[in-house]
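Heads up, the thing below is written out as structure tokens.
The values are calculated or read from the model by the stated rules, or taken from the named source; none is laboratory data. Computed from a prediction, not measured in an experiment: that's the story for all the values here. Every residue, glycine as well, gets a Cβ built from its backbone with ideal geometry; the counts of neighbours run over all protein chains shown.
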Amino acid sequence: MAEEFLTSGQVARLLGISPRTARRYLTKGLIPAEQNRLTGRWRVSKAALTWFMKKHNLTPIPFEEPRRQTLSDSSDAEAAGHAAGGNGRQPATAWGVAEFGLAIASHKSID
């Protein structure tokens, strides 16, 4: 079975630190990792991160993939859903809301 690896950003989220601090830990060798010579990206094995966390008595912050932001107000969500090309029944994305706001702003008359 292949070993699973994490990125420096994932390590930062799991430890509750900034990505810059995580890269500093990796560069100094505090967390065992490999750096790709061509891209500069870090690969941290889950085993290495577990070792680091046990050594320093750390508890990970639960890792969740980022979710698309939705509106909770149904009338705003419906209007923004139409602006984003939706049917008004599905939640609007933040990008759709921004497009909707720009569309309204460009159609306002200045008296």
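Scanning the stretch 10-23 for residues that are in contact with a strand residue (DSSP E or B) (Cβ under 9 Å, 6 or more places away or on another chain) and without any contact (Cβ under 8 Å) to a residue 24 or more places away in the chain, we see that the one that is farthest from Arg41 (Cα to Cα) is Ala22. Sort out which residues of the stretch 27-43 are within 20 Å of the chain's Cα centre (by Cα) and either crowded, with 18+ Cβ neighbours inside 10 Å or part of a strand (DSSP E or B) (or both), and write them in order of number. Selection gives Trp42, Arg43.
Might you check whether a residue that is surrounded by 16 or more Cβ atoms within 10 Å (Cβ to Cβ), at pLDDT 55 or above and either in a helix (DSSP H, G or I) or not basic (Lys, Arg) (or both) occurs anywhere in the stretch 58-71? No.
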